[in-house]
1. Does the range 2-64 come out rounded, prolate or oblate, given a ≥ b ≥ c as the square roots of the eigenvalues of its C-alpha gyration tensor, rounded meaning a/c under 1.5 and, failing that, prolate meaning a/b above b/c?
2. So how do 109-117, 206-214 stack up, highest first, on mean other-Cβ count within 10 Å?
3. Can you check what the net charge comes to around Ser89, using other residues whose Cβ is under 10 Å from the Cβ of Ser89 (Lys, Arg +1; Asp, Glu -1)?
4. Please label the shape of the range 230-270 as rounded, prolate or oblate, based on the square roots a ≥ b ≥ c of the eigenvalues of the alpha-carbon gyration tensor (a/c under 1.5 means rounded; beyond that, a/b larger than b/c means prolate, else oblate).
5. Ranking request for peptides 146-152, 12-18: highest mean number of other beta-carbon atoms within 10 Å first, then the rest in descending order.
6. Do any trypsin sites (Lys or Arg not before Pro) in the range 35-70 lie in a DSSP loop with no more than 12 other beta carbon atoms within 10 Å, and if so, which?
7. Along the range 214-224, what does the Karplus equation 6.51 cos²θ - 1.76 cosθ + 1.60 (θ = phi - 60°) give for ³J(HN,Hα), rounded to whole Hz, x for Gly and Pro?
Amino acid sequence: MDDIKKILTPIAVALLALIVFASVFTVQQWETAIKLRLGEIVKSDYDPGLHLKVPVLNNIMRFDARIQTLDSRPQRFLTIEKKDVIVDSYTKWRINNAAQFFRSTGGDSARAERLLSERVNTELRNEFGKRTIQEVVTEDRIALMKALTKVSDTQAAELGVEVLDVRVKKIDLPPEVSESVYNRMRAERERVARDLRAKGAEAAERIQADADRQRTVIIADAYREAEETRGLGDGRAAEIYATAYQRNPNFYAFYRSLDAYRRTFAQKDSTLVLSPDSEFFRFFNSQDPGAAAALSGAVNFPGTGSTMP
């Protein structure tokens, strides 16, 4: 009898351990789980930790409860202007209702992503159909993504998932219309460039005209000042001549004649034809020895190096 007990005791302990092992299950921090009984959901959304189940009768389904990324293929949508755009987007989502997720998708993540992608694309088509191209690529793009996230989250509730964010990565034009758009943009830029060049040329002409006007004014003012200065000098010289003439008319006449002789005979390659008894030579014909000596020392014929006798 004791021998039988020794044999049965380890077997009983092993069976008990097997039953205990089959009666518990563990849910990790990053998981959510549901308990099935003959294919029917008994309990869902277990907290992380150790939980009990009935062996054989209960079945446990575990799902990844972390945030996942659905990177959709680029899709073609129409804007309110009836223009095609190619939109590349992605969606951040996670399971928030394990029971509903199992009923809607059978626990298949690939099927869940396909169903979610269809709903997100439908909402993208609706939202792009309400906006122009300019609106979806400017500040209104942020409002577009917020609206997409809100509507997509409501639509995804029937799948047992929560949509955290819908983002538009890139918006492109179809290849068949890109060239025409680029040509239109190029023509617009060229028109702006021509306008800028025309305005620049106009400004240059205006600056040049203003500079020419200032130059003319400056030259005219300088000429006027020069003439005024020259007039003052001539007036002062005339005053000096008049004073000298009043003091000694004979000497003044003699001095002026000397100055005329000097300037006349200093000219090179010139010919002067005058009568010997001309008034111009009256001091040459003078019998005054002082005047003759003065003339002899003051008048020097150019090119000869000799004075007039």
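1. Prolate, because a/c is 1.5 or more and a/b exceeds b/c.
2. Working: 109-117: 16.2, 206-214: 10.0.
Listed from highest to lowest mean packing, they are 109-117, 206-214.
3. That sum, taken over residues with Cβ under 10 Å, equals +2.
4. oblate
5. Packing order, densest peptide first, comes out as 146-152, 12-18.
6. When the trypsin sites (Lys or Arg not before Pro) of the range 35-70 are filtered for loop state and at most 12 Cβ neighbours within 10 Å, Arg66 remain.
7. My calculation for the range 214-224 gives 5, 4, 4, 5, 5, 5, 5, 5, 5, 4, 5 Hz in order.
Since every read-out is calculated from the coordinates, none of them should be taken as a lab result. Computed from a predicted structure; not experimentally measured. Ideal geometry is used to build each Cβ from the backbone, glycine not excepted, and the neighbour counts take in all protein chains shown.
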